[in-house]
Amino acid sequence: MKIVIGADHGGYHLKEVIVGFLRDSGYEVIDIGAHTEEPSDYPDFARLVAERISTGEASRGILICGSGVGTSVAANKFRGIRASVCHDTYSAHQGVEDDAMNVLCLGARIVGEELAKEIVSAYLKAEFKGLERYRRRLAKIEEVEERWMKRD
Ligand code: RB5
């Protein structure tokens, strides 16, 4: 599974830790930055992560900022992106299983490194269960995208 990961300055340090953890765990990782702790804007990284998922270059994304909120707000503006802040392992796997979450957002000021690794593991090991009611709900979200999101 190929993972795309990005972070602003608030998430930079935790991103470096998670990139190492993912590579050590055998995942292929695309690290789209930030590559320094210089102040940066989280929507830029949300866009780069969303693009890699939309093109199929990566199947799952991870975004990290100070709280996780900014990146999740920004990522959800992109068609086909289902992003959420998860600071517990239950939400991290249930969000994939039921809601086909494809971008996990973390707040580096909220969770410590070891909990973040466990959340990431729960997220990446989970698979969408595909039950009829889950697909019906996703179809309703896709209807909203069709109605409100402009195509290129
Ligand atoms: C940056 O200071 C901070 O606002 C950002 O990382 C994030 O927490 C936004 O949600």
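Since every read-out is calculated from the coordinates, none of them should be taken as a lab result. None of these values were measured; they are calculated from a predicted model. Neighbour counts are summed over all protein chains in view; Cβ atoms, including those assigned to glycine, are modelled from backbone coordinates with ideal geometry.
Side notes on the structure shown:
- Loop chymotrypsin sites (Phe, Trp or Tyr not before Pro), segment 1-107 (other Cβ atoms within 10 Å of the site Cβ: 16 or fewer; DSSP): Y27
- Loop exposure criterion: GluC sites (Glu not before Pro), DSSP state outside H, G, I, E and B, at most 16 other Cβ atoms within 10 Å. Applied to the chain, the longest stretch between such sites is 58-126.
- Estimated at 0.36 nm per residue, the fully extended path between T89 and E127 surpasses their Cα-Cα distance by 12.3 nm.
- In degrees, nearest ten, helix 89-99 long axis to first principal axis of the chain (Cα): 30
- The alpha-carbon of K15 sits under 30 angstrom from the alpha-carbons of these lysines, leaving out residues fewer than 8 places away in its chain: K2, K77, K117, K125, K129.
- Segment 27-152: C-alpha gyration tensor shape, a/c 1.5 cut-off, then a/b vs b/c: oblate
- With contacts taken as Cα pairs under 8 Å and at least 6 residues apart, the chain reaches a relative contact order of 22 percent.
- Between helix 132-148 and the chain: long-axis angle, C-alpha atoms, 0 to 90°, nearest 10: 80
- Label zone at R136, where the point sits 7 Å out along the Cα-to-Cβ direction: segment 88-106 residues whose backbone N lies under 14 Å: none
- Rounded to the nearest 500, the helix-only mean residue ellipticity at 222 nm of the chain stands at -15000 deg cm²/dmol, with each DSSP H run of n ≥ 4 adding -39,500 (n - 2.57).
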